[in-house]
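Structure first, then comments.
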Amino acid sequence: MTEIDKLQQLRESVQSVLLGKAEAVRLVLVALLARGHVLLEDVPGVGKTVLTRALAKSIDCDFRRIQLTPDLLPSDILGVSVYDSTSGEFTFKRGPIFAHIVLVDEINRTTPRTQSALLEAMNEAQVSTDGQTYPLGPPFMVLATQNPYEFEGTYFLPENQLDRFMLRIRIGYPDRDTEREILLTQPARTRLAEIKPFLSASEVVELQEKVLSVRVDGAIIEYILSIAEATRRSEELSIGLSPRGSLALTQAARASAMLDGRDYAVPDDVKSLATVVCAHRLMTGTFAHDGSTNATEAIFERILETIPSPQ
């Protein structure tokens, strides 16, 4: 069985649980292949947690779920050093962040102090504490869910925290026919129990390495640079796309090509991913905002329409 066949099986496995949301599944797999993290923002009950669990069960790897609450401390995520009276030394007890796939549920219900505990882990795939550094993975992927900001008891995610997520996506409500199928078929938890792994952790790492060899033509690189420059020149934005964002868009385009069975990226790979990769990294010209990226999405999509796509 080829790698493309395995990726297709992985895709179908997750889609069998999250019905009618093929595009959301595709985007999560793009992030997985590109070594990125995903922020799932939507109302409760549309399948954010189910999507993450289905992905984790489809891969033979370690999975942890962290439920974030206002009283959670950074050590509850990273781990803590415990004194061993027998040896007279401190022993580091690893926290739930030490897994291949980590579901951070309701990330915006905890304080910025605890949110910041994830920064090094997401950026460097490591945890530093008490003068020691501990590697995470590989592979290592964070899928975080958050409720809309108008919900009670939520905190804004700082810009540097948002920038650590490669993709920010919404699942959305199912259409009527899909919801009817959900109501008439067996519950999602039953289908989750039936999922078998299609890839091992080492196979995922191999696929991630091969993504780097996907060819990106010079014209596509220029297209990405034009997008970044346009956001930086826009009078509607106070912060444009950073080089980290440009790199994320390039890597996501490579992963999208591999997922489609190609060893080269095409302009549509960039255009289809641009909003979910870039919009949450931008800031509007007004300081006061509600924490959402709806405004920046609209501005970014207008900017994107002005930039000609390479042939």
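Here are some notes:
- Residues that are modelled with pLDDT of 90 or more and closer than 23 Å to THR52 by Cβ do not occur anywhere in the range 187-199.
- LEU241 meets all of the listed conditions (1) surrounded by 13 or more Cβ atoms within 10 Å (Cβ to Cβ); (2) in a helix (DSSP H, G or I) but one, namely (2).
- Residue list for the range 105-145, restricted to those being under 17 Å from ALA31 (Cα atoms), of a type in the set (Gly, Ala, Ser) and in a helix (DSSP H, G or I): ALA121
- Taking strands (runs of 3 or more DSSP E) as the structural unit, those lying wholly within the range 1-88 and holding at least 1 residues that are under 24 Å from GLU194 (Cβ atoms) and among the aromatic types (Phe, Trp, Tyr) correspond to 63-67.
The values are calculated or read from the model by the stated rules, or taken from the named source; none is laboratory data. Just so it is clear, the structure is predicted and the values come from calculations on it, not from any experiment. No Cβ is skipped: glycine too gets one built from the backbone with ideal geometry, and neighbour counts run over all protein chains shown.
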